[in-house]
Amino acid sequence: MNKQLDVALSGPGGPYPMSMEVDPIRAFRNRKIPLAHGSGEIPAVGFGTLIPDAVAAKRAIKAALETGFRHLDCAELYRNEAVVGDAMREAFEAGTVQRAELFVTSKLWNNNHRPERVRPALVASLRRLQLDYLDCYLVHTPFAFKPGDELDPRDAQGQPIYDTGVTLIETWRAMERLVDEGLCRSIGLSDIGLEKLKEIVAAARIKPAVVEVECHPYLPEWELLEFCRQEGIVLLAFAPLGHGMKPRITDHPVIQAIAQRIHKSPSQVALAWAVERGGAFLTTSTSPGHIRENFEVSPLPEDAMREMRGGIATKVRFNAVIETGVPGFVPRVM
Ligand SMILES: NC(=O)c1ccc[n+]([C@@H]2O[C@H](COP(=O)([O-])OP(=O)(O)OC[C@H]3O[C@@H](n4cnc5c(N)ncnc54)[C@H](OP(=O)(O)O)[C@@H]3O)[C@@H](O)[C@H]2O)c1
């Protein structure tokens, strides 16, 4: 049941050509979306490495790889790329997975937006991750901070110090050169709104392949998704479970009712929703049970997708990073 077929999906899965297996459940978990800009395919089911404790991070990443996750999301900002690198190396050595089967993303942090800082930042990430190329490199946020080694430069009033001496398109040009050099196979943006994304898409020589933003049933980002579909950009959802914060996505009665009907957990329904729309998701857990549960997603019936679109009125952005470039988990009901 492992045979690969290339099919073009329409309907709720979107217009992307998808590489699929014959068994529909395995095909769903292992779905890979070809990147229209740059090379490679991004696994729709991804595991985030934002786990502050090093021991827990290494254990969770190894468990995720053993479970079947083939897509890891990293960042300089997470200050643990070396730990991720150790976990990957041990998994390669144990034969759990080979480098070529894994899709690894990292991100350029705000203090490195000046064009001359972009390549050294990527090379430093590669060194920490013990890799010789990335599958995708993202501009972590469109906000440039004061150039230098401080990740979180602040003024005397405690406000972030922004850098007005560089524009996002100048940073993007330096990102494009990384693809030319083969240091990363694709590039993208994160924590960006639709208007700014349109500007980059219009000016880019190599268009963004991936846009990573907060996205879940309480923040569905339909307009952004539509634009991404038109432009062949993959919408990669972070916080697909709302960072596990209240109001809990998994407590919503529509999601709970669907979960009961299709014999899956509410978390699996929320995660499957991201894939059914033609996108990808990143979830994070330190619990072996949750890691397994999050990988074991299955297709959602069309009526469930309709119910979620029409029946969930709750609107919440859990993470304010898109507003200031400052990472945080500030709950804010819109
Ligand atoms: N681009 C950006 O600015 C940005 C921002 C934030 C995050 N990210 C990326 O996105 C990744 C995903 O993190 P996230 O917080 O956004 O993920 P999330 O899946 O929305 O939330 C993770 C939280 O949910 C809990 N959880 C996970 N699976 C569960 C399950 N099956 N049942 C119940 N609870 C569950 C986890 O706790 P347990 O450990 O107890 O399972 C954890 O507290 C990060 O690691 C990072 O790579 C990117």
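The values are calculated or read from the model by the stated rules, or taken from the named source; none is laboratory data. Keep in mind that this is a model prediction, so the values were computed, not measured. Neighbour counts are summed over all protein chains in view; Cβ atoms, including those assigned to glycine, are modelled from backbone coordinates with ideal geometry. Heads up: the accessible areas ignore ligands, DNA and RNA and are worked out on the full protein's heavy atoms, side chains in. Shrake-Rupley method; radii C 1.70, N 1.55, O 1.52, S 1.80 Å.
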The range 3-315 - charge dipole about Cα centre, Lys and Arg +1 at Cβ, Asp and Glu -1, debye rounded to 20: 280 debye
Built amide H within the under 5 Å cut-off of ILE42, gap 5+: ILE33, LEU35
Spacing of the two label points (7 Å from each Cα toward its C-beta) at SER39 and GLU195, in nm: 3.8 nm
Probe 1.4 Å - accessible area at SER287, Å² to nearest ten: 40 Å²
Residue among PHE28, PRO153, PRO288 farthest towards the positive dipole end of the chain, charges placed on Cβ: PRO288
Residue order for THR286, THR314 - accessible surface, 1.4 angstrom probe, largest first: THR286, THR314
Mean Cα-pair separation over length for the range 188-334, i.e. relative contact order, pairs under 8 Å, 6 or more apart, %: 22 percent
Rough spin-label spacing in nm, given labels placed 7 Å along Cα→Cβ, for ALA313 and TYR162: 3.6 nm
ARG261-GLU93 pseudo-label distance in nm [points 7 Å out on the Cα-to-Cβ vector]: 5.0 nm
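Please label the shape of the range 186-334 as rounded, prolate or oblate, based on the square roots a ≥ b ≥ c of the eigenvalues of the alpha-carbon gyration tensor (a/c under 1.5 means rounded; beyond that, a/b larger than b/c means prolate, else oblate).
Details: a/c = 1.74, a/b = 1.52, b/c = 1.14.
It is prolate, given that a/c is not under 1.5 and a/b is the larger ratio.
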Where trypsin sites (Lys or Arg not before Pro) fall in DSSP loop in the range 124-218, at most 14 other Cβ within 10 Å: ARG205
Over the range 139-196, relative contact order from alpha-carbon pairs under 8 Å, at least 6 apart, %: 42 percent
Length-normalised contact order for the chain - Cα pairs under 8 Å, 6+ apart - percent: 18 percent
Centroid-to-centroid separation of the range 270-326 and the range 73-106 [C-alpha atoms, Å]: 23 Å
Percent accessible area from carbon and sulfur atoms, the chain, protein chains only, probe 1.4 Å: 52 percent
Qualifying lysines (Cα of each under 17 Å from Cα of LYS207; at least 8 residues distant if same chain): LYS107, LYS196, LYS198
Antiparallel bridges, percent of DSSP beta bridges restricted to the chain (to nearest 5): 35 percent
Interatomic Cα distance distribution for the range 3-315, bins of 10 angstrom, percent: 6, 28, 36, 24, 7, 0, 0
Set of lysines near LYS315 by C-alpha distance (under 17 Å), chain-local residues within fewer than 8 positions excluded: LYS246
